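Read through the structure below, which is laid out as structure tokens, and then see the notes.
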Amino acid sequence: MPGDSDLKSLVSELNNALNRKDLDTTTNLLSRAKRSLLQHNALIPNPSLSPELTSLARQVLELGALASIRQTDAPTFTRYYQQLQPFYDLERDAGAPGEKSSQPTVDIKTSQRSKITGLYLLLLLSMGDSTGFHTVLEGLVEEASLKGKSVEDDPYIKYPVELERSLMEGSYDKVWRETKSERVPSEDFGLFSNVLVGTIRSEIADCSEKAYPSLPISNAKNLLFLESEGAVIEFAQQRGWVLRDGRIYFPVEPEATRSEKDILMASGTVIENTIGYARELETIV
């Protein structure tokens, strides 16, 4: 069975491969590292594990989570996040006032708990899972308050929290600006941020189809948060919109001509969704 030093070497190689963005090598090393953890019975923390082995096991899972993000594999990232929770529970318990645990002492210096948790919050946000988002956030708020801190002291947590706040206000333009700003905590957050913006863009497109017969391409660029008119044309083609004389023509509904009231209701869909989202949050908090 490979020793701790062999696993430590594997983790170092894994880190280097991920930093080089060599995802093929990363995947291969992850398989080897997880087999080693299985042989050490270290996939879940237990009292028989040394602090070093516990830390190495957590690092393998964290690197696996980050690799899955860079492969745009949200389900695998979610599985890694779930596998990491027993390790993060150790960290939380170790930091709680007056708490003593029979589990191994943990080395939190190498932990990426904050980053992984922030990424998971952003994923939940991009999926529209407000219940899951606030369930995780409430636990973080409680933990931070016991330490006399705020969750927003942590930039990895602050970023998704501020995005969620803007979404609840219906400030989609602010969300878009935030995802393009220097406040994005790391490159990994940019990947899920793009998913979130894509979700918002699709919702705006749905509402636009119901609210307008057509729009100038130049207006659609700003409305849909696209970088260029070429990007608008590509997006329009994907949606099956008709492009003619510098305008986008939306599909005509087969029903009878819509009333002004129908158009106003369609235009207000985003606002109504935001209000509904806020009401849902009130039942959670």
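Brief remarks follow.
- Segment Ser9-Thr78, extension gain: residue separation times 0.36 nm, minus the distance between their alpha carbons: 22.2 nm
- Theoretical gain in end-to-end length, Asn222 to Glu143 [0.36 nm per residue, Cα-Cα removed]: 24.4 nm
- Shape category assigned to the range 1-105 from the gyration tensor of Cα positions, a/c cut at 1.5: oblate
- The range 76-94 residues near the modelled Met127 label - backbone nitrogen below 20 Å, point 7 Å along Cα→Cβ: 76-89
- Alpha-carbon centroids, the range 1-37 and the range 181-195: separation in whole Å: 26 Å
- Local electrostatic count, Asp188, Cβ distance below 10 Å [Lys/Arg +1, Asp/Glu -1]: +1
- Straight-distance crosslink candidates among lysines, where the alpha carbon sits under 19 Å from Lys180 and sequence neighbours closer than 8 are dropped: Lys115, Lys158, Lys221
- Taking 0.36 nm per residue of separation and subtracting the Cα-Cα distance, full extension of the segment from Ser114 to Thr135 would add 6.0 nm.
- Among the GluC sites (Glu not before Pro) found in the range 153-186, those both in a DSSP coil and sparsely packed, with 10 or fewer other Cβ atoms within 10 Å of their Cβ, are Glu182.
Rule-based calculations on the coordinates, nothing more; no lab input. Please read all numbers here as calculations on a predicted model, not as lab measurements. All Cβ positions, even for glycine, are placed from backbone atoms using ideal geometry, and neighbour counts span all protein chains on display.
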